[in-house]
1. Just the residues that are charged (D, E, K, R) and either touching a Gly at 6+ places or on another chain (Cβ under 8 Å) or assigned to a loop (DSSP other than H, G, I, E, B) (or both), please, taken from the range 320-365.
2. When the range 307-319 is examined, which residues are found to be open to solvent by less than 20 Å² (accessible area, probe 1.4 Å) and in a loop (DSSP other than H, G, I, E, B)?
3. Filter the range 238-258 down to residues that are crowded, with 17+ Cβ neighbours inside 10 Å and not in a loop (DSSP other than H, G, I, E, B), then give me how many there are.
4. State all residues of the range 118-136 that are open to solvent by 10 Å² or more (accessible area, probe 1.4 Å), out of contact with any Ser or Thr (no Cβ under 6 Å at 6 or more places or on another chain) and outside any helix (DSSP H, G or I); if no residue qualifies, say none.
5. Quick test of your reading of the structure: Pro368 fulfils all but one of (1) touching a residue at least 60 places away in the same chain (Cβ under 8 Å); (2) out of contact with any helix residue (DSSP H, G or I) (no Cβ under 9 Å at 6 or more places or on another chain); (3) assigned to a helix (DSSP H, G or I); (4) open to solvent by 20 Å² or more (accessible area, probe 1.4 Å). Name the failing condition by number.
6. I want to confirm something. Restricting to the range 140-150 and keeping residues that are of a type in the set (A, V, I, L, M, F, W, C) and out of contact with any strand residue (DSSP E or B) (no Cβ under 9 Å at 6 or more places or on another chain), which single residue is surrounded by the most Cβ atoms within 10 Å (Cβ to Cβ)?
7. Quick one: count up the residues across the range 151-206 that are among the acidic types (Asp, Glu), closer than 23 Å to Asp77 by Cβ and either in contact with a Cys (Cβ under 9 Å, 6 or more places away or on another chain) or surrounded by fewer than 23 Cβ atoms within 10 Å (Cβ to Cβ) (or both).
Amino acid sequence: MSDNNISRRRLLGSVGAAGATGLALGAAGGVVSGATASDDTLAALTAVGSTGVPFHGEHQSGITTPLQARGHLIAFDLAPGAGRSEAIALMRRWSALAAELMAGRPAAEGDTGVALDAGPSSLTLTFGFGRTFFDRTGLVAQRPPELDPLPDFSSDQLDAKRSNGDLWVQIGADDSLVAFHALRAVQKAAGAAARVRWQMNGFNRSPGATDRPMTARNLMGQVDGTRNPKPSEPDFDRRIFVPAKTAHPWMAGGSYAVVRRIRMLLDDWEQLTLKKQEQVIGRRKSDGAPLTGGSETTEIALDKTGPDGRLVVPDNAHARIAAPEQNGGAAMLRRPFSFHDGIAADGTPDAGLLFICWQADPLRGFVPVQRKLDRGDALSPFVRHEASGLFAVPGGPREGEYVGQRLLES
């Protein structure tokens, strides 16, 4: 073994006493110290490879975890004849698998070797249940009303085959091979219990690509996520996570994920002048600052007018319509991935946003905001909602538990 290479298995052997939590080095990165094996000196991983996220905890990973460079979203339907017992066995397998992979260890059986030599790379696996899962498992009485179907929106052009599903898995990592390795492992572990309904692949900017931490940009070039709720805010947990005292205790510490595949009509968008693009959004493209002045984090002066007496931020600007103060305080944590799936049949880029938002109640988060956007957002002519899903994501598993155990064994 060379000084500059180290297998995932040998790395974890050198820090095994610390366990999975010993690798939780945080978003800022850390370096797992080297160890000596025989005559070989095991070199430390780079910052990207060394970052790990705990599997166990109050909340599942992949919700407040910093945006990762690579993502896979995959929905499954339980196989015909499969029910609650098969679902229990499947969630046991997936949870055991996730705990190993997130700690940087190979899959227990039949590992493909795709991610050998890499560390955890901020890998997260997040699991959720769709509305139909409760019918299939005989748990309709445990289905929360927050999983009621989303309303129809006039701008929707949804493909049913790429929407919803019994089970949903979100995979994120800062290394493409680590993310793909987890995707294949999840697919294989599904076995005969579940079959893939749809899969979507996304990406974000890689860690270290900018000279300082910055809010992400989407494929329109816009800074996207400025008004996201912050974990440091006193009402963050109330808005994003289901409280301990709830009618459905199995969801305590959990959250609801709305997933939308939003195609961006980039050819049309890129024909607009910079000034027009900024008027559509209500923010400067260069730094995300509101058109009313200041920096990215400056509050938008919604009532400010220009010399001509017109609102500086137009009344149909996306930033104005989506602002919490314009929607009764409705808030959601947006955590998207961009996607590019080549060229569509009409010759335009099949690209856009895998929009994922988290909230304690979608009827108080996503729905009121989307209704408002649906009625007059200047951005609407440049986007197309092509797929949709809503999933209940239970709280994180305790040590010795699997994800969803409090539901499936209730």
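1. Correct list: Arg320, Arg334, Arg335, Asp346, Asp350, Asp361, Arg364.
2. Val313, Ala317
3. Qualifying residue count, the range 238-258: 8.
4. Selection gives Ala118 alone.
5. Result: Pro368 fails condition (1) only.
6. Filtering first and then ranking leaves Val140.
7. Total satisfying the criteria: 3.
The values are calculated or read from the model by the stated rules, or taken from the named source; none is laboratory data. It should be emphasised that the depicted structure is a prediction, and the values quoted were computed from it without experimental measurement. Note that each Cβ is placed from the backbone with ideal geometry, even for glycine, and that neighbours are counted across all protein chains shown. In case anyone asks, the SASA skips ligands and DNA or RNA and just uses the protein heavy atoms, side chains included. Shrake-Rupley method; radii C 1.70, N 1.55, O 1.52, S 1.80 Å.
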